[in-house]
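Contents: one structure, followed by commentary.
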Amino acid sequence: MCGIVGSVSTKTNVIPILLDGLKTLEYRGYDSAGLAYIKDGNLIINKVKGRVKDLENHISKESNSNIGIAHTRWATHGKVNETNAHPHNVGKITIVHNGIIENFSKLKHKLEEKGYEFKSESDTEIAAGLLDYYYKKYENIDKAIQKFMKKVDGSYAICMLINDNPNTIYVIKKDSPLIIGKGNNENYIASDVPAILKYTKNYYILEDYEYGKITNNNITIYDKEGNILKKELKEYQGSDLTSDKGIYEHYMLKEIIEQQTTIRKTVNPYINNIKDLLKLPDLTKYERIDIIACGTAMHAGLTAKYLFEQYSNTKCEVFLASEYRYQNNFLNNNVLSIFISQSGETADTLAALKKVKEEKYDTLGIVNVKESSIARALDKVLYTEAGTEIAVASTKAYTSQVALLSVLALSLAYRKKLIKEEKINKILEEFRSITQILTPILEDTITYENIAKEIYEKSDIFYIGRTIDYALAMEGSLKLKEISYIHSEAYAAGELKHGTISLITKDTPVFASATNKYINAKTISNLKEVIARGAKCYLITDEDIKEDNIKVIKIKKVSMFIKPLLTIIPYQLIAYYTAKLKGCDIDKPRNLAKSVTVE
Ligand code: M6R
């Protein structure tokens, strides 16, 4: 989604720093880019519809400035065009903005009554107008920012230049991440740490309703009343800062292959012997576990639901964060709310977390990006060790989430003495061998390529399964549609005949997994029902199933705690090869963003 970079320096030309930062944020998804800088007292703005590369080509080679702000826009208010791209200038104020100004329409009318005219459809231009109005009214930037925070509803990370003060960048933050990097006679602003890591590892995190003033040698941060705050200077601890594609054609493929190591790395502290499971939080006091997340992270929660309920005898509900935040969740002290997020910045998940925190109930999180907004807001966080995930389609983060949730469920079952120690030791041994177990599945490229050839021209594809296999069907279907743009739906296998089976016609591809021995036969029956109507079926299973008209992808027989990690890989790779055959932009699918920081 939108990205922000800013820099102010003593003598360095900051324009390459801004472009470099924007390039680092490119993988998050955007549709236009722009930057503003001040040179000899003059404000210069460049914007383009398209890529950062286009912006770079658009900027004059002689451009040189010690202060500037830059942005990649993922359209929310208004079409994808140059006018709606950031920065937006109104009067003396120029801003780039991440987030959404919810009451922008009302504010726009008020500003128009006062004589303001706007050129774009963007809510950001209204924010710039409001800041200009208050700045002129109070002749004091602190008062203007404080008033702005009182009047604006919604989320904002704002980076601002003021014509009157060409040596300072101003920042304002609520519900959208923003950090200030501290350098040597040079300071930086960014929506995400990686954008400035080439220049500094030291940074301050802005919290909601804080604002700041940044010059080349000074950073001052204020609370909403204008009191100066003493903030902790953080040092970035993450690894894997530089992520290139290596020998792979796409990040997605690289990240799928990396699952051989990322799963092991994530669970490593908990699997060397049975007592290691006790390092995980003790959940025995909870009568119910709620899992809240979005997209693929929510699907990871759905696989865990099965494990918590079946093996740890604990009720588990899974919610989409975007729904959870607006409903009655019947919380009490016996409920643990678990939040899952790769980026740690997903707006809906963060808002849902804040809701639980406000009511003072217990929270636990599974997060990949260290020090992210969600990680910071949680009572307790368990980190996945997936490393930087660049492809928009989540793969290695998903399996790390599933693996961590699996050991958490196993730890709970162990504490409750619901599984024999001998069985647990066997499961731990399988976790320790995960790299070897995954290798043959990852290497079966020919199978996946052949299936891709059979399906890539289809317009509708179905994924079915029961219990844990239904959760996997949902993830398989999402992977396919987000990168190949083929319409696909996931159904509980038994539900198809209650309506959707009418869509099955000759050669409609239907994928299923059958990895739960107690109900596999039922899933096979459902496949037969669709075969009878002409469907072409593909089945991932660990059983010796041979059926006419079903192409079987066999996986190793392992414990249910490990199995989803194997089952999902054919789904990921079939999606990948299908999108490749269709010539899709696999790592940056249309309309999608890696980190969804708006509601
Ligand atoms: O960063 P998060 O895990 O919070 O993101 C949640 C979803 O936006 C994300 O999983 C999305 O569904 C992926 N693009 C799916 O591949």
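The values are calculated or read from the model by the stated rules, or taken from the named source; none is laboratory data. Keep in mind the model is a prediction, meaning the values are calculated, not measured. Here the Cβ is made from the backbone with ideal geometry for all residues, glycine too, and neighbour counts use every protein chain on show. These accessible areas exclude ligands, DNA and RNA; they are computed on the full protein's heavy atoms, side chains included. Shrake-Rupley method; radii C 1.70, N 1.55, O 1.52, S 1.80 Å.
Principal axis lengths of the chain from Cα atoms, whole Å, largest first?
Sorted largest first, the three principal extents are 77, 51, 45 Å.
Each residue of segment 361-368 in turn: what ³J(HN,Hα) in whole Hz from Karplus with 6.51, -1.76, 1.60 and θ = phi - 60°, glycine and Pro shown as x?
Once rounded to whole Hz, the list reads 9, 5, 10, 9, x, 10, 9, 9.
Report the per residue volume, in Å³, of the convex hull enclosing the C-alpha atoms of segment 2-235.
106 Å³
Please give the calculated 222 nm ellipticity per residue for the chain, where each DSSP H segment of at least 4 residues contributes -39500 (n - 2.57) and the sum is spread over every residue; nearest 500 deg cm²/dmol?
One gets -11000 deg cm²/dmol as the mean residue ellipticity at 222 nm.
Given H placed 1.01 Å from N in the peptide plane, which residues other than close sequence neighbours of LEU229 have an amide H under 5 Å from its amide H?
Those lying under 5 Å, H to H, from LEU229 are ILE221, TYR222, ASP223.
Which of the GluC sites (Glu not before Pro) across segment 478-514 are loop residues per DSSP, with 10 or fewer other Cβ within 10 Å?
Filter output for segment 478-514: empty list.
Karplus couplings for segment 88-94 from phi (6.51 cos²θ - 1.76 cosθ + 1.60, θ = phi - 60°), rounded to Hz, Gly and Pro as x?
Each residue of segment 88-94 in turn: 10, 10, 9, x, 8, 10, 10 Hz.
Summing Lys, Arg as +1 and Asp, Glu as -1, what charge do residues with Cβ under 11 Å from the Cβ of LYS147 carry, LYS147 excluded?
Net charge in that neighbourhood comes out at +4.
Along the charge dipole of segment 2-235, Cβ charges K/R +1 and D/E -1, which of GLY50, TYR222, ASN81 sits furthest on the positive end?
Farthest towards the positive end: TYR222.
Could you compute the net charge surrounding TYR326? Neighbours are other residues with a C-beta less than 11 Å from the C-beta of TYR326; K and R count +1, D and E count -1.
-1
What percentage of all Cα-Cα pairs in segment 442-589 are separated by more than 28 Å?
Numbers: 1172 of 10878 pairs.
Everything past 28 Å amounts to 11 percent.
Could you please state, rounded to a whole Å, how far the C-alpha centre of segment 442-487 is from the C-alpha centre of segment 555-588?
If we compute the Cα centre of each part, the gap is 8 Å.
Probe of 1.4 angstrom, ligands and nucleic acids ignored: what's the accessible area per residue over the chain, in square angstrom?
40 Å²
For each pair in LYS174/LYS213; LYS198/LYS357; LYS79/LYS594; LYS355/LYS481, compute the distance between the two Cα atoms and list the pairs where it is over 24 Å.
Listed pairs above 24 Å: LYS198/LYS357; LYS355/LYS481.
Pop out the carbon and sulfur fraction of the accessible area of the chain as a percent, whole number, probe 1.4 Å.
Roughly 46 percent of what the probe reaches on the chain is carbon or sulfur.
For TYR456, what charge total do you get from the other residues with a beta carbon under 12 Å from its beta carbon, if Lys and Arg give +1 and Asp and Glu give -1?
Value of the local net charge: +1.
Filter the trypsin sites (Lys or Arg not before Pro) in segment 262-350 down to the DSSP loop ones having no more than 12 other Cβ atoms within 10 Å, then list what survives.
Sparse-neighbourhood loop trypsin sites (Lys or Arg not before Pro): LYS285.
Using alpha carbon centroids, what distance separates segment 329-375 and segment 179-197, in Å?
Rounded to whole Å, the Cα centres lie 27 Å apart.
For GLU82, what residues show an amide H to amide H distance below 5 Å, using hydrogens built from the backbone and excluding near sequence neighbours?
LYS49
Counting only chymotrypsin sites (Phe, Trp or Tyr not before Pro) that sit in a DSSP loop (anything but H, G, I, E, B) with at most 12 other Cβ atoms within 10 Å, what is the longest stretch of the chain containing none of them?
1-325
Mind listing the phi-derived Karplus ³J(HN,Hα) values for segment 45-54, rounded to whole Hz, using 6.51, -1.76 and 1.60 with θ = phi - 60°, and x for any glycine or proline?
3J(HN,Hα) across segment 45-54, in whole Hz: 10, 10, 9, 9, 8, x, 8, 4, 4, 5.
Give me the distance between the Cα centres of segment 70-145 and segment 382-426, rounded to whole Å.
The distance from the Cα centre of segment 70-145 to that of segment 382-426 comes to 45 Å.
Under the rule of at least 5 residues apart or a separate chain, name every residue whose amide H is placed under 5 Å from the amide H of ALA490.
TYR463
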